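*Asks:* Okay, handing you the structure first.
The values are calculated or read from the model by the stated rules, or taken from the named source; none is laboratory data. Here the structure is a predicted model, which is why all the values come from computation and not from measurement. As a convention, Cβ positions derive from the backbone with ideal geometry for all residues, glycine included, and neighbour counts pool all protein chains shown. Areas reflect the complete protein model, heavy atoms only, side chains present, ligands, DNA and RNA absent. Shrake-Rupley method; radii C 1.70, N 1.55, O 1.52, S 1.80 Å.
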Amino acid sequence: ELVWNRAIATQMKEAEIKITKVFTDGTKGYRFESYFQKVLFDGFLKVLSPEFVTRHQSDVKMKKDEPLTITEINQEEKETLPPPRYSEATLIKVLEEHGIGRPSTYAAILSLIQEKGYVERDGRYLKSTPLGEVISDYLSESFPELFSINFTAGMEEELDKIAEGDMKLLEVLSKFYGPFKEVLKTKQTDTAKIEVKEEVNEVCPKCGKPLQVRFSKFGKFYACSGYPDCKFTKPFLKVVDGKICPKDGGNVVVRYTRAKKKFYGCVNYPACDYTEFVWSKLVAAPGAPGAPVAGAAAATVPPAAPTPDKSVTQ
């Protein structure tokens, strides 16, 4: 019926709606705005929204400079929402609008910022990580001209002209490298450390000192703040909400192979060797959307200490 109504509506005439804006001036200097709609000709709304046509049949019954009496005041609080996070598609769209990258490089850009841990997936959106925010702030402050949108877009255009033979390679590189070399000499003497602060409410089981989030080429991991006196480490595992291990009932976590291919495994590895590479094949936890049986409590198994493995990165 929905498809039929929309198909018919596309062949019907436009609706005619009279919109009246009313300004009401209060005795204390406040001005209120009101909008009223009246359907003069229903057109396609007769099929798509007959309820709207029924609600908007009356006209405004008031005259200019007519005094009004307040009968009721309703207060509605609204907050300005932040813009939504970028998805891969919207990020590519922004890159195209600013002339950054080319179709052949978009996949590499998106892959790199995720592999380096600068952003991570949050559903279908990309969420910046503390590491990415700190590095972005430092580089933007240290090299403002180099890390500007105009510079990147301009360099892309000049490289295209070099490929077309309209500009000389050495001329473009000399214009860039001269000022960059001077700035780089200054920044090479900078001994400031970049601190990535991420709260961890855990203590080291060996020495009792707080644990910290550290980074390696394989990603995040927990390490003791007492290093090098204490060298305790443990993997940083992201739990998949609403999913459960079908073997022992433990949580399902995100893991990566040495080739950095993402897969899902049981948190109780190596006591449980459950793995799955396809999201749709994960088992829903009892009570979660998509769970075949509701009400059954998941079995719990004490997590075993993770040990190094040749095939996966812990």
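*Asks:* What are the residues in the stretch 73-108 that are aliphatic (A, V, I, L, M), outside any loop (DSSP other than H, G, I, E, B) and surrounded by 16 or more Cβ atoms within 10 Å (Cβ to Cβ), if any?
*Replies:* Once the filter is applied, which keeps residues that are aliphatic (A, V, I, L, M), outside any loop (DSSP other than H, G, I, E, B) and surrounded by 16 or more Cβ atoms within 10 Å (Cβ to Cβ), the stretch 73-108 yields L91, I92, L95.
*Asks:* Something else about it: Residue by residue through the stretch 272-283, note down the ones that are open to solvent by 90 Å² or more (accessible area, probe 1.4 Å) and within 25 Å of the chain's Cα centre (by Cα). Break it down stepwise before answering.
*Replies:* Of all residues in the stretch 272-283, those open to solvent by 90 Å² or more (accessible area, probe 1.4 Å) come to 273, 277, 279-281.
Once the filter is applied, which keeps residues that are open to solvent by 90 Å² or more (accessible area, probe 1.4 Å) and within 25 Å of the chain's Cα centre (by Cα), the stretch 272-283 yields F277, W279, S280, K281.
*Asks:* Condition first: polar (S, T, N, Q), out of contact with any Ser or Thr (no Cβ under 9 Å at 6 or more places or on another chain) and surrounded by 12 or more Cβ atoms within 10 Å (Cβ to Cβ). Now tell me which residues in the stretch 143-158 satisfy that.
*Replies:* Correct list: T152 only.
*Asks:* Does the stretch 159-173 include one or more residues that are open to solvent by 100 Å² or more (accessible area, probe 1.4 Å), closer than 27 Å to Y106 by Cβ and not in a strand (DSSP E or B)?
*Replies:* Looking for residues that are open to solvent by 100 Å² or more (accessible area, probe 1.4 Å), closer than 27 Å to Y106 by Cβ and not in a strand (DSSP E or B), one finds at least one in the stretch 159-173, hence yes.
*Asks:* Still on this structure: Which of the residues spanning the stretch 69-88 are within 28 Å of D25 (Cβ to Cβ) and either hydroxyl-bearing (S, T, Y) or touching a His at 6+ places or on another chain (Cβ under 9 Å) (or both)?
*Replies:* Across the stretch 69-88, the qualifying residues are T69, T71, T80.
*Asks:* Tell me which residues, restricted to the stretch 234-255, are more than 21 Å from the chain's Cα centre (by Cα) and either in contact (Cβ under 8 Å) with a residue 24 or more places away in the chain or surrounded by fewer than 15 Cβ atoms within 10 Å (Cβ to Cβ) (or both). Before you say what the answer is, go through the steps one by one.
*Replies:* If we filter the stretch 234-255 for residues that are more than 21 Å from the chain's Cα centre (by Cα), which is where we start, we get 234-235, 243-252.
Across the stretch 234-255, the qualifying residues are K234, P235, K243, I244, C245, P246, K247, D248, G249, G250, V252.
*Asks:* Right, here's the next one. Restricting to the stretch 256-271, name every residue that is touching a strand residue (DSSP E or B) at 6+ places or on another chain (Cβ under 6 Å) and crowded, with 19+ Cβ neighbours inside 10 Å.
*Replies:* Y264, G265, V267
*Asks:* Search the stretch 102-130 for residues that are free of Cβ contacts under 8 Å to residues at least 40 places away in the same chain and pair each with any residue that is part of a helix (DSSP H, G or I) when their beta-carbon atoms are under 6 Å apart and the residues are at least 6 apart or on different chains.
*Replies:* Here the result reads Y106/I92; L110/E88; Y118/G132; V119/I113; V119/G132, each pair linking the stretch 102-130 to a residue that is part of a helix (DSSP H, G or I).
*Asks:* Being in contact with a Leu (Cβ under 9 Å, 6 or more places away or on another chain), part of a strand (DSSP E or B) and open to solvent by 100 Å² or more (accessible area, probe 1.4 Å) is the filter here, so list the residues in the stretch 1-35 that pass it.
*Replies:* Within the stretch 1-35, just E16 meets the criteria.
*Asks:* Condition check: among the aromatic types (F, W, Y), touching a strand residue (DSSP E or B) at 6+ places or on another chain (Cβ under 8 Å) and over 30 Å from K18 (Cβ atoms). Does Y86 satisfy that?
*Replies:* Spelling it out, Y86 is indeed among the aromatic types (F, W, Y), touching a strand residue (DSSP E or B) at 6+ places or on another chain (Cβ under 8 Å) and over 30 Å from K18 (Cβ atoms).
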